[in-house]
Amino acid sequence: MIQSHLGSSIALDCDRFRRAPDGMAGGGPGSTGYCDIRRGGQSIRLRSKDETRLQRGDIVTLALGGGYGARPARPARSLEADVADGLVTPAKAVSWGADSPTDANSRGYVHR
C-alpha cells in the first residue's frame, strides 16, 4: 500500500487478475490480484492493464502473488508479522494452523 503525496501516475501491466497464481517451492496458490485506489470515500478498481493519474492523498493497494515455501516450514513469528502487516487475514492464518483470529486480534494484529 502506498500513499500519493504528489500528483503522479500509475501504469499496470499485470497478470493473474482473473486466475489466481500458483505457488512456488511448495507454496500454496495465491488469490486473484487487484489494484485499488482509495480517493476520499471512493474506491477505484483498476484493470490488470490500465493507467491513471493519481491525486494527492490517494492510497494505492496492489495485491499480487502466490505462496512461497511450504507452510509448515514458515516460522510462526513470520506468519504473525504477515497478519500484523495485513498481508494475511487472521482467518487464513488459522487455516494454516496459527492462533485463532480472536487471539491474533487481542495481540494487536490488525488486518488492513
_Estimated Rh, the range 1-63: Kirkwood, alpha-carbon pairs, angstrom_ = 12.7 Å
*Residue by residue through the range 58-66, which ³J(HN,Hα) values in whole Hz follow from phi under the Karplus form 6.51 cos²θ - 1.76 cosθ + 1.60 (θ = phi - 60°), with glycine and proline marked x?*
4, 10, 10, 10, 10, 10, 8, x, x
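Using a Förster distance of 41 Å, how high is the FRET efficiency between A25 and T52, based on the Cβ-Cβ distance and rounded to 0.05?
0.75
Using per-residue counts of other Cβ atoms within 10 Å, averaged over each peptide, order 8-21, 26-39 from highest down.
On the way: 8-21: 13.2, 26-39: 15.6.
Per-residue mean Cβ counts within 10 Å order the peptides as 26-39, 8-21.
Roughly speaking, what is the stretch gain from R18 to S43, that is 0.36 nm per residue apart minus the C-alpha to C-alpha distance, in nm to one decimal?
Values: separation 25, 0.36 × 25 = 9.00 nm, distance 1.92 nm.
So the chain would gain 7.1 nm between R18 and S43.
All of the numbers you see were taken from the coordinates with simple rules; none came from a lab. Keep in mind that what you see is a predicted model, and the values were worked out from it rather than measured. Glycine also receives a Cβ, built like all others from the backbone with ideal geometry; neighbour counts cover every protein chain displayed.
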